[in-house]
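The block underneath contains the structure these notes are about, expressed in structure tokens.
No lab work stands behind these numbers, since they all come straight from the coordinates. On a predicted model such as this, the values are computed, not experimentally measured, just so you know. Quick reminder, even Gly has a Cβ in these numbers, built from the backbone with ideal geometry, and neighbours come from all protein chains shown.
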Amino acid sequence: MLKKFFLVVCGSFVGAILAFTFLMFATILMSFALFDSMSKTQTQSVEKNSILHIKLSGELVERTVEQDPFMMYSPGLLMNGQSYQVSLQELVSAIDNAKDNDKIKGIYIECDGMSAAPASLMRLRKSLTDFKTSKKFIYAYGDEGITQGDYYVASVADSIFINPEGAVDLHGLASQTPYLKTFLENVGVQMQVIRVGRFKSAVEPYMLDSISPENREQQELYLGNIWGEMTNAIASDRHITKEKVNQLADSICVMMSAEELMSEKLVDKLCYKEEFEDKLRKISELDPEDDLKLVEPAAIAGDLTETGSGSDKIVVLYAVGEIDGSSSLMGGEADGINSKEIVAKLRELRLDEDVKGLVLRVNSPGGSAFGSDVMWKALDDFKKSGRTVAVSMGDYAASGGYYISCNADRIFAEPTTITGSIGIFGVVPCYRELAEDKLGVHFSTVSTNANGTFGSTMEPLTPFQQAALQRMVDRGYDLFTKRCADGRHVSQDSIKQIAEGRVWDAKKAKDIGLVDEFGGIDEAVKWVAKKAGLKEDKYTVSYEPNYDVSFWSMMTSVRANAVRSEMRSEMGMFYDTYEMLERIMHRDHVLCLMEPIEIR
């Protein structure tokens, strides 16, 4: 089994290199034509009786880079089946603009299986709910089937249509975490773990073979609260009870016939897509032979880098992804938070007298403890310059993500945001058994001092070294809780009572004082403007950072996608484990990071 694992890894690398060589030549030949085509692309005009078309497909992310169309049509993506990214910022802006655009008759939601976390879906749904006050229509359609996330969004529609052979999937929420203790032992990798906090479960996969009682307790609480928010919203808009929604989820409603779904009030009408489009033509006052006037979000989203007018500015600064874990551009927004870049940007903003306030948009599970602290300091310096800081939390603002949030004047979150996880841990992998016993690679060490090999991944920690690392982690936890206590204006002891590395949903986090108010970026911007004494509509909102993606950075992304896709294809079930071990090797040893959770 082990031999097969390493043979597959080596074979995957060779295959990936060959695949990339072909892709490189193909992409170079196509690139200039693509860039020329994109440069000539005109903004889509909005005609009378148009319909905003929102396709729930691909991956919903905070923002995408300006040149994202290249990534969508590059050979790397086409040949390797990578899903494209959809910008939450763009969708929300388009919906808000469509509300006041007299040429837009309504919204067509096409359900095609979007991948998104509950908080982002809630924000999208909130914009659609606000759109309904315009008295314009919202229709949703599912052809083959409507996934649970799509249905949560689509349930806000005036009517939901599905194919007569279609389905609706409601099953509740579940989280799945792989536990690697036995696997790591079998391959000869020793994960040396030091942590603070009974609930700090990010290291559990290396220590245990199954979930701990503490981790089960916290996951049951936040999953239950998030599902409660979703079922309440579905029940309210579909005019059924919350108990009925849960009954349908428990009955595996995805197996129900379309007629049964209609009788249970999950959908309103059954029709084929062509028949649904005829309904849209009729409501749009078009002739049966006319093409639908569908407008894509990008056409009416407006400027996504700056809005408003006036010399006074409020800056929305995005901090998305793992802290100092990765900072490459992978088909869209940055994969991670580069603390050095954020610190430099905050200093630039602090020295800009036109900047009157800041909204830090945090969507992060945490990461480097050091990176978290230097960003906290940069934000503190910005505050000390006399400007206001608010935090807007996205899907996650946990561990290091909460560390950089805790000093804000006001913290906003969606009820389904995952936050907290105030804890810290250290992980030092040791590969000596793997190298010597499994692979036959032996090491000889010469050292001038007793701890000359400290930090080496080929030497296990001594008790003295473990104790030293534990003291460092304890100091980090004490500093983390002090930062939170100072930022939230409470005692450090009260923070420690709700810390212990415990993850909370924002609804509960608000009850215990970790969050101030429910809302998103818009609410946070308005609060900062009011706090700064700015007059409504007399200031500019700027969105940072702006990624200037060159041709060669795009090529790098194409290559990375090709390599990743080839390895995933060749390694199959081994790939996720390989990727997890790869991340461990390149992370800091001391982390403020919550465990990766797949909610489905």
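As an exercise, use a Förster radius of 25 Å and the Cβ-Cβ distance of T462 and V490 to find the FRET efficiency, rounded to the nearest 0.05.
Numbers: r = 39 Å, r/R0 = 1.57.
Efficiency computed from Cβ-Cβ geometry: 0.05.
State to the nearest 20 debye the size of the charge dipole of the stretch 367-469 about its Cα centre, where the only charges are +1 on K and R beta carbons and -1 on D and E beta carbons. Don't skip to the answer; put the middle values down first.
On the way: 7 positive and 10 negative charges, 74 e Å.
My answer is approximately 360 debye.
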Å³ per residue of the Cα convex hull, for the stretch 410-517? 143
Please work out the Cα convex hull volume for the stretch 404-449 and give it in Å³ per residue. 171
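Per 0.36 nm of contour for each residue apart, how much would the distance between S309 and K530 grow if the chain were fully extended, relative to their Cα-Cα spacing?
Details: separation 221, 0.36 × 221 = 79.56 nm, distance 1.61 nm.
Taking S309 through K530 to full extension adds about 78.0 nm, to one decimal.
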Consider just the alpha-carbon atoms of the stretch 99-156 and return their Rg together with their Dmax, both in angstrom. 11.8, 33
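Mind giving me the FRET efficiency for D158 and L439? R0 is 60 Å, r the Cβ-Cβ distance, nearest 0.05 is fine. Don't skip to the answer; put the middle values down first.
Details: r = 63 Å, r/R0 = 1.05.
The formula returns an efficiency of 0.45 here.
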Taking the mean number of other Cβ atoms within 10 Å as a proxy for protection, how do you rank 456-465, 437-446 from highest to lowest? 456-465, 437-446
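If the stretch 136-227 were replaced by its equivalent ellipsoid, with semi-axes equal to the square roots of 5 times the Cα gyration tensor eigenvalues, what would those be, largest first, whole Å? Could the numbers behind the result be given before it?
On the way: eigenvalues 345, 55, 18 Å².
The answer is 42, 17, 10 Å, longest axis first.
Compute the length gained on full extension between Y272 and H239: take 0.36 nm times their separation in residues and subtract their Cα-Cα distance, giving the result in nm to one decimal.
Values: separation 33, 0.36 × 33 = 11.88 nm, distance 2.49 nm.
Full extension from Y272 to H239 adds 9.4 nm.
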Evaluate the relative contact order of the stretch 327-449 (contact order divided by residue number), counting alpha-carbon pairs under 8 angstrom at least 6 apart; express in whole percent. 21
Per the charge dipole of the stretch 139-200 (beta-carbon charges, Lys/Arg positive, Asp/Glu negative, Cα centre), the residue among I160, L180, Q148 reaching farthest to the positive end is L180
Which peptide among 110-116, 486-492, 507-513, 148-154 comes first, and what is the full order, when sorted by highest mean count of other Cβ atoms within 10 Å? 148-154, 110-116, 507-513, 486-492
Any idea how far apart E285 and Q176 come out in nm if each label point goes 7 Å out from Cα toward Cβ? 5.1
Using a Förster distance of 35 Å, how high is the FRET efficiency between K55 and S257, based on the Cβ-Cβ distance and rounded to 0.05? 0.85
State, in angstrom, two size descriptors of the stretch 144-288 derived from its alpha carbons: Rg to one decimal place and Dmax to the nearest whole number. 21.8, 70
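Starting from 0.36 nm per residue, how many nanometres of slack lie between D537 and M207 once their C-alpha separation is accounted for? If you can, show how the numbers build up before the last one.
On the way: separation 330, 0.36 × 330 = 118.80 nm, distance 5.41 nm.
This chain segment gains 113.4 nm when fully extended.
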With the cut-off at 22 Å, tell me which of the pairs K313/K345; K356/K530; K345/K530; K181/K438; K99/K282; K265/K507 have Cα atoms farther apart than that. K345/K530; K265/K507
I need two numbers for the stretch 214-286: Rg to one decimal and Dmax as a whole number, Cα atoms only, in Å. 17.1, 59
Span per principal axis, largest first, for the Cα atoms of the stretch 353-475 (Å): 60, 33, 25
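If you place +1 on the Cβ of every Lys and Arg, -1 on the Cβ of every Asp and Glu, and leave all else neutral, what size is the dipole of the stretch 263-390 about its Cα centre, to the nearest 20 Debye?
For the stretch 263-390, the charge dipole is close to 900 debye.
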